[in-house]
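The structure appears right after this line, and notes come after that.
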Amino acid sequence: MSDQARTDHRPVFILCPARSFSSVVCGMLGQHPELYGLPETNFFVADTVGEVFRWFRKLGPGNLHRLDGLARTIAQLHEGEQTEATVERAWQWLRERPDMTTAELAYHVARRLGNRRFVEKSPSNCSEFDNLVRLYRTFPKACFLHLVRHPRSTGKSLYEMHRRRQGKDAEAADAGNTERIENYWFKVHDRILRFTERLPARQSIRLQGELLLTDPDRYLRQVAEWLEVRTDAAAIEAMKHPENSPFAGIGPANARGGNDRKYMEKPELRPGAPPRVNLTDPLDWMPDGSGFSPTTVALARRFGYR
């Protein structure tokens, strides 16, 4: 890929906190004939491949599994399938390139896709502002979809995920995590806003995930128009089948993850209005029965929630 081609490449990045429908939305967009949905690659948490591995090791034991999506991507694009053997070769390929920049790695993936633009949704893109800067520096003409979900639904999903991971220790760990759930939602969206507000007009859009899942035909067409890709009935229909993504299911034993577990177990689109929630009731996960802070309520209302 020439320097000019790199500059002109227009991948699509879904910016959002975890538990924001990003796995299914990425899977849907990736089924468009001109796009290709990736799992969580975590390209942009550091400047080199070796630093990416070190970044996840620092998070604690077991966090290298968060690179499963990257290994699955390399296996799929290099060998056309994800088996234990192809994924092991992908891990080895990555380990042999600690000094490869993450920009070069992202360009490598883009080059393998030919004329298709990749769609990527790693929550780590938004975990620090520097990651967004690194991403933009790599692909200055990328398109950014700011995906939002009601803070109550997001918080409940994060809380349930936390309790599943903690198992028997969930009760003891709750006190240190309940307040962080709301702060996480607010800080990530605030960071995304500060980033997207600096972009040229039409380089980013914001979309409620609930609307997309309620009326996929309407909103998939709107997203396709924004991306300047096909909007015909066949293209829209293809996007309604995220289960056709090569990353829709659970991966082989040496890279099982890469997307939300529930999505990988049941990747089919299930259109319909989500349960109605509000910004005023006490929060299920707060032991004192408190509600959202005024700053969270104000930001959620800015996104169109009530």
Number of the condition not met by PRO252 [criteria: (1) under 17 Å from SER153 (Cβ atoms); (2) touching a residue at least 40 places away in the same chain (Cβ under 8 Å)]: (1)
Filtered residues of the range 117-159 (kept if over 26 Å from ASP47 (Cβ atoms) and part of a loop (DSSP other than H, G, I, E, B)): ARG149, HIS150
Those helices (runs of 4 or more DSSP H) lying entirely in the range 26-115 with at least 3 residues of a type outside the set (Val, Ile, Thr), touching a residue at least 40 places away in the same chain (Cβ under 8 Å) and surrounded by 23 or more Cβ atoms within 10 Å (Cβ to Cβ): 68-79
Subset of the range 196-209 (residues that are charged (D, E, K, R) and surrounded by fewer than 16 Cβ atoms within 10 Å (Cβ to Cβ)): GLU197, ARG198, ARG202
Matching residues in the range 230-273 - criterion: being closer than 30 Å to PHE292 by Cβ, loosely packed, with under 15 Cβ neighbours inside 10 Å and not charged (D, E, K, R): PRO271, GLY272, ALA273
Residue match in the range 144-166 (condition: modelled with pLDDT under 95 and of a type in the set (Phe, Trp, Tyr)): yes
Selected residue [crowded, with 18+ Cβ neighbours inside 10 Å and not acidic (Asp, Glu)] from LEU212, LEU193: LEU212
PRO123 vs. criteria modelled with pLDDT of 95 or more and buried (at least 18 other Cβ atoms within 10 Å of the Cβ): yes
Tally, over the range 132-158, of residues that are crowded, with 22+ Cβ neighbours inside 10 Å, of a type in the set (S, T, N, Q) and out of contact with any Pro (no Cβ under 8 Å at 6 or more places or on another chain): 1
Contacts under 7 angstrom Cβ, first residue in the range 180-200 being among the β-branched types (Val, Ile, Thr), partner outside any helix (DSSP H, G or I) and crowded, with 17+ Cβ neighbours inside 10 Å, 6 or more apart: ILE181/TRP285; VAL188/PRO17; ILE192/LEU15; ILE192/HIS146; THR196/PHE144; THR196/HIS146; THR196/SER204
Count of the range 253-301 residues which are charged (D, E, K, R) and touching a His at 6+ places or on another chain (Cβ under 9 Å): 2
Filter result for ARG202 (among the charged types (D, E, K, R) and part of a helix (DSSP H, G or I)): no
Of all residues making up the range 221-243, the number that are of a type outside the set (A, V, I, L, M, F, W, C) and in contact (Cβ under 8 Å) with a residue 40 or more places away in the chain: 5
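The values are calculated or read from the model by the stated rules, or taken from the named source; none is laboratory data. These figures come from a predicted structure and were not determined experimentally. FYI the Cβ positions are ideal-geometry reconstructions off the backbone, even for glycines, and counts take in every protein chain you see.
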